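Where a number appears in this text, it was derived from the coordinates with a stated rule and is not lab data. Remember, it's a predicted structure, so these values are computed and weren't measured experimentally.
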Amino acid sequence: MSTVVIAGAAGRLGRRVAALAVADPAVEHVVAVDVAPIRPTDDKVQAHRVDITSADLAPLVERADVLVHLALDADTELRRGGAARVNIGGTRRLLEAATEAEVPHVVVVTSAMVYGAWPNNPLPMTEEAPLRPNPELAFAVQRAQVEQLVADWVDARPGRTAAVLRPCTPLAGGGSWVATALAAASGLTPSEDDPPKQFVHLDDLAAAVDLARRDRLDGPFDVAPDGWIPSDTVRALRGAPPRLRLPTWLGGWVARARWRIARGPIPPGLIPYTIHPWVVANDRITAAGWRPHYTNEEAYVAGTEARWWTLLSPKRKQELALGAVAGLAGAATVAAVAGTRAVLRRRGVARRG
C-alpha cells in the first residue's frame with residue numbers, strides 16, 4: 001500500500017490525478033496539497049492548504065512513495081510577476097522535502113514549450129531534442145529550469161527516478177491561458193501558414209500522470225494525441241474571424257502595447273510559437289502503455305466555447321474585421337507620428353541650446 005503526495009491538487013489537472021489515485025486499490029493515502037481550498041471526496045484523501053514556497057513540507061511527504069508535482073503556476077505570469085517564486089522556489093523546496101523523506105519517485109508536468117519554437121525544429125520533435133525555450137517566454141524558460149532541478153535531484157542519489165511529462169497545449173472545460181494567448185497572437189504575424197497545432201485533453205494528461213506514478217516511469221515523456229492539426233482547422237473549430245495579416249512591426253507593436261497596459265493575453269516571447277512548429281511525437285509514452293481517448297480536434301472542442309463571432313452575418317464579420325485592422329494601423333501611425341515629433345522637438349531644443 002502506497003502513499004501519494006499531490007502538490008497542486010486543487011487545480012483542474014490535480015483533481016483528476018487525485019481521483020485516479022483514490023481509485024487505485026494499491027494506494028492507501030493521498031496527501032492533497034495546494035494553496036487553494038481542497039474538498040476531499042474520499043476517506044483516503046488528506047487535504048492540506050499550504051503554500052509550498054513557505055510552509056514546512058517535510059511532514060507532508062514523510063511517508064510518501066511518490067511525489068506528484070503539479071504546482072507550477074501560470075496565472076501569476078499573466079499577473080506580471082511571482083511565477084518564478086512558485087515555479088522555481090516551490091519546486092526546490094518540494095525536492096528538498098523529498099530528499100529528507102527519502103521519496104524514491106517524482107512525477108512532474110512541465111510543457112512541450114520547453115523545446116522552443118524555432119525554424120529548424122523537426123516535425124515532430126521527440127524527447128531527444130534539446131531544450132531551447134524562447135528566452136523571452138518566462139512560462140517556457142521556468143519549466144525548463146524545473147526540469148533541470150528534477151534532473152539534479154535524480155543524479156544526486158542512486159535509486160531515485162523521475163518522470164517528466166511534457167504535454168502539448170492541455171484543454172478541458174474552459175480552455176487555458178496558453179490556448180487563449182496563442183489564438184490571440186496568431187493574428188499578429190505576417191506568415192501565410194501558421195504552424196500545425198496539438199491539444200491534449202486534461203483527462204488524457206491525468207491518465208499519463210497516473211501511469212507515470214503507477215509504473216514508476218523514468219525520464220522525459222512527450223504527451224500529445226496522435227499527429228497534429230493544421231492551423232486553418234483550428235480556426236474553423238474556433239469560429240474565428242477571417243485572417244487579415246499585420247506587418248511584422250505592427251503585430252509586435254500591438255502585442256507589446258496590449259501587454260504593457262494589461263489588456264492583452266499575449267506575454268512577451270509567445271509570438272514565435274505562432275510562427276514556428278513545436279509539435280511532439282507520442283511514441284515513448286504510448287510504448288509505456290498510454291492511449292489518448294481524445295483526438296486533437298476533440299480536445300480542442302471540449303476545451304473551448306463557441307465565439308460570438310460565429311453568430312454574425314458574413315457581411316458584418318467583414319466590416320468588423322476591416323474596421324479592427326484599420327483602427328490598429330491608425331493607432332500605430334499616431335504613435336509613430338507622436339514619437340517623430342518628440343524627437344524633432346528634442347533636436348530643436350538641442351540646436352537652440
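Quick notes
- Taking the C-alpha atoms of the stretch 50-152, convex hull volume expressed per residue in Å³: 105 Å³
- Distant-in-sequence amide H partners of T169 (H built 1.01 Å from N, under 5 Å): Q198, V200
- Debye log10 I(q)/I(0) for the stretch 101-178, one point scatterer per Cα, at q = 0.18, 0.19 Å⁻¹: -0.82, -0.89
- Amide H contacts of A162: V106, G219, each under 5 Å away and 5 or more positions distant or on a separate chain (H built 1.01 Å from N in the peptide plane; Pro and chain starts excluded).
- Its alpha carbons considered, the stretch 1-97 gives a radius of gyration followed by a Dmax of 13.0, 43 Å.
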